[in-house]
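Report on the structure given below.
Derivation of every value follows stated rules applied to the coordinates shown; laboratory data play no part. What you see is a predicted model; the values in this text were computed from it and never measured. Cβ coordinates were reconstructed from backbone atoms using ideal geometry, including for glycine residues, and neighbour counts include every protein chain displayed.
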Amino acid sequence: MYPLVSKTSSLNLPDVPPKCLSNLVEHPLEYHCHGLIYLLNGYVNKQNCRIWSEANPQVYVETPLHPEKLTVWCALWAGGIIGPYFFKNDEGHNVTVNRDQYRAMITNFFIPKLNNHDVQELWFQQDGATCHTDRATIYLLKDTFGDRLISRFGPVNWPPRSCDLTPLDYFLRGYEKALVYADKPQTFDHLEDNIRRVIVDIRPQMLEKVIEN
């Protein structure tokens, strides 16, 4: 199915620095990061699910206004995965990510994990979600990665309306969720255990193949 659009605008790829485009394909020391959302109650994200019918089925499904969900962050590169990181409040409850929580994760979890790398050789890419691109967070990432930051408001701007086709989108999202839900977890603790297990079992050899593709 293809959605109807009333107006389109062109994406000016020549504006993207050539070294950025080639780096996305060839550079093995690039971290792509993304957040994934997991649910247990059968809630369907209507933005990702459309039903086409000749007649109105007159069906409704009652769901909570804000279903409890588990938000997970990972950073992936050809040599491994940093994460998973589960966003929780001080009481240990699952939360929706805001700018302060995201920046705290970058500061206290992600950056310390980079100690085994030469940061001067690393690139970092994130999407343009508002909580990712708060001014203080961008300053923090620029201080860490310099000009090797691919992000909205970053030194290398992630092109607007560009395909969000990072390895986390075309590989990790589907691969991980298929295995995580295989034994039908009924609690978030069980779900977290499954996520950790799946991530740990992904070998660098598999990630190298993913990056090559």
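So what does log10 I(q)/I(0) come out to for region 144-213 at q = 0.21, 0.25 Å⁻¹, using the Debye formula with one equal point on every Cα and no solvent?
Debye output, listed in q order: -0.95, -1.05.
Could you run the Karplus curve 6.51 cos²θ - 1.76 cosθ + 1.60 with θ = phi - 60° over region 100-113 and give me ³J(HN,Hα) per residue in whole Hz, x for Gly and Pro?
Working through the residues one at a time gives 5, 5, 5, 5, 5, 5, 4, 6, 9, 10, 6, 4, x, 6 Hz.
If packing is taken as the average number of other Cβ atoms within 10 Å across a peptide's residues, how do 110-116, 81-87, 54-60 rank, most packed first?
Highest-to-lowest ranking by the protection proxy: 81-87, 110-116, 54-60.
With the cut-off at 28 Å, tell me which of the pairs Lys113/Lys209; Lys142/Lys177; Lys113/Lys184; Lys88/Lys142; Lys113/Lys142 have Cα atoms farther apart than that.
Checking Cα-Cα distances, Lys142/Lys177; Lys113/Lys184 exceed 28 Å.
Can you tell me the FRET efficiency between Gln186 and Phe109 if r is taken as the Cβ-Cβ distance and R0 is 41 Å, rounded to the nearest 0.05?
0.90
Extension gain Leu140-Tyr175, at 0.36 nm per residue separation less the Cα-Cα distance, in nm?
Using 0.36 nm per residue and subtracting the Cα-Cα distance, I get 9.5 nm.
Checking the a/c ratio against 1.5 first, then a/b against b/c, what shape does the Cα gyration tensor give for region 71-173?
rounded
Evaluate E = 1/(1 + (r/R0)^6) for Glu208 and Glu91, where r is the Cβ-Cβ distance and R0 equals 41 Å; express this FRET efficiency to the nearest 0.05.
With a Förster radius of 41 Å, E is 0.55.
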